[in-house]
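Note sheet for the following structure.
The values are calculated or read from the model by the stated rules, or taken from the named source; none is laboratory data. Here the structure is a predicted model, which means the values were calculated and not measured. A quick note on method: Cβ atoms are made from the backbone with ideal geometry, for glycine too, and the neighbour counts reach across all protein chains shown.
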């Protein structure tokens, strides 16, 4: 299930922007990107997200933006480090009598000489603001998911009703099928009898025909499929059901079994066309079930 949430807060002279983006996934695949200032708080923020978000490929990004980015991002020179390196390099330059002049660029490239003006420390009350903004972004993210979930629920209801309508369309063909099968068997036997003058044991024929037609009977499959559809609706309407996505997946799997059996027993082109349509709708349901928690 997709989702998006965003929240902001002001820390010092900077605006903290928190964004959460989510795509469909069977489990929780969480990626956290925070600036160096929050690096020691990354695990706490990650746990906060894991506790609230159950599934999805989720990206959590925290960025800081300044009122004057140019002045704010320019580095400063650490004079203490510069003086230390300058003395060390000057002594080496004198001792070894280097012919090349001493380069300031070399000293500026040494570690810790140039320092970013980014905030160095984060106060407890500032971190509390970030946590509050993170909670707000999570709420927006969950609300987005709920809206997406309502659309998926509407699709489920429409698809299930379509399968029920198709199931009702099978009945006329089912009755005609039995009569056609009997007529075809009798016709074939009469041709055989006329050709080879073979006697027909009517009682045995009736027994075999009953056995054969029972193998093609789809009454149980229809009843079970209707039951699975009702259970799917019931599960959708039960707000207290946990792990509803997995449960709906199991029900859809059982629906598929019954539809497949209907197809194998149909033995008639019109019924098989209807079964193919039911399978197509069921595949759409299975795809969307993966988006449900």
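Among the residues of the range 90-129, what is the count of those that are over 13 Å from residue 77 (Cβ atoms), surrounded by 10 or more Cβ atoms within 10 Å (Cβ to Cβ) and at pLDDT below 75?
Qualifying residue count, the range 90-129: 3.
Looking at the range 17-26, is at least one residue part of a loop (DSSP other than H, G, I, E, B), out of contact with any strand residue (DSSP E or B) (no Cβ under 7 Å at 6 or more places or on another chain) and assigned by TED's automatic domain parsing to the domain that holds residue 141?
yes
If you take the residues in the range 255-271 that are in contact (Cβ under 8 Å) with a residue 60 or more places away in the chain and surrounded by fewer than 17 Cβ atoms within 10 Å (Cβ to Cβ), which one is nearest to the chain's Cα centre (by Cα)?
Only one residue fits best here, namely 270.
One line per residue, one yes/no per condition, for (1) closer than 17 Å to residue 171 by Cα; (2) modelled with pLDDT under 90:
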residue	(1), (2)
207	no, yes
262	yes, no
266	yes, yes
273	yes, no
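Just give me the residues in the range 57-89 being within 30 Å of residue 138 (Cβ to Cβ) and at pLDDT 85 or above, in sequence order.
Of everything in the range 57-89, those that are within 30 Å of residue 138 (Cβ to Cβ) and at pLDDT 85 or above turn out to be 57, 58, 59, 60, 61, 62, 63, 64.
Please specify each residue of the range 282-293 satisfying the condition of being assigned to a helix (DSSP H, G or I) and surrounded by fewer than 16 Cβ atoms within 10 Å (Cβ to Cβ).
283, 284, 286, 287, listed by residue number.
Condition check: in contact with a strand residue (DSSP E or B) (Cβ under 6 Å, 6 or more places away or on another chain), assigned to a helix (DSSP H, G or I) and farther than 30 Å from residue 223 by Cα. Does residue 194 satisfy that?
So residue 194 does not fit the description; no.
Does residue 49 satisfy the criteria of being modelled with pLDDT of 90 or more, in the same structural domain as residue 135 (by TED's automatic domain parsing) and either out of contact with any strand residue (DSSP E or B) (no Cβ under 9 Å at 6 or more places or on another chain) or surrounded by fewer than 11 Cβ atoms within 10 Å (Cβ to Cβ) (or both)?
Answer is no for this residue.
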